[in-house]
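The block underneath contains the structure these notes are about, expressed in structure tokens.
The values are calculated or read from the model by the stated rules, or taken from the named source; none is laboratory data. All figures in this text were calculated on a predicted structure; none of them were measured in a lab. Every residue, glycine among them, receives a Cβ derived from its backbone with ideal geometry; neighbour counts consider all protein chains shown. Keep in mind that these areas ignore ligands, DNA and RNA; they rest on the heavy atoms of the full protein, side chains included. Shrake-Rupley method; radii C 1.70, N 1.55, O 1.52, S 1.80 Å.
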Amino acid sequence: MNAFAQKTGGDSMTRSVYRFVEHTIRHAPEGGAIFELFCATCPETSGPQVQQDTAQDWALKHTARNATHDLFRREVTDYARVTREGS
């Protein structure tokens with residue numbers, strides 16, 4: 001008797017039925033968000049901020065102090081929740 005037959009209790013193959021369930025992923029507002037701006041000219045950043053305005057204010061002040069530093073990379077980190085369709 002082969003190893004598969006020993007596991008299944010005989011020479012027959014077991015069958016499985018799979019049911020595919022649709023899932024959706026969406027922003028989860030209760031998780032909040034983190035905002036950070038990075039100067040493209042120098043290594044300075046706003047640091048992680050809970051309020052978008054705080055990060056933006058930092059960028060405006062940074063450009064006021066350094067006129068040629070007017071390009072920034074924005075990074076927003078948020079949370080998402082996966083739910084089953086029909087649940």
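Check each of the chymotrypsin sites (Phe, Trp or Tyr not before Pro) in segment 13-84 and keep only those in coil by DSSP with at most 13 other C-beta atoms within 10 angstrom; list them in order. Sites meeting the loop and neighbour criteria: TYR18, PHE20, TYR79. The angle between the Cα long axis of helix 52-65 and the main principal axis of the chain comes to about 40°, on a 0 to 90 degree scale. Per residue of the chain, the DSSP helices (runs of n ≥ 4 H) give a summed -39500 (n - 2.57) that works out to -6500 deg cm²/dmol at 222 nm. Ranking CYS42, PHE72, HIS23 by how far each Cα lies toward the positive end of the dipole of the chain (charges on Cβ) leaves HIS23 at the top.
Once R0 is set to 22 Å, what does the formula 1/(1 + (r/R0)^6) return for the Cβ-Cβ distance between THR41 and VAL82, expressed as a FRET efficiency to the nearest 0.05?
On the way: r = 39 Å, r/R0 = 1.76.
For R0 = 22 Å, the calculated efficiency reads 0.05.
Dipole size of the chain about its Cα centre, with +1 on Lys/Arg Cβ and -1 on Asp/Glu Cβ: approximately 400 debye, rounded to the nearest 20.
Heavy-atom accessible area for HIS27, with the other protein chains in place and a 1.4 Å probe, reaches approximately 100 Å².
The longest part of the chain holding none of the exposed loop trypsin sites (Lys or Arg not before Pro), meaning those outside H, G, I, E and B in DSSP with at most 12 other Cβ atoms within 10 Å, is 20-87. All alpha carbon pair distances within the chain were sorted into 5 Å bins beginning at 0; the resulting P(r) in whole percents reads 3, 12, 14, 10, 7, 7, 7, 7, 6, 5, 5, 5, 5, 4, 3, 1, 0.
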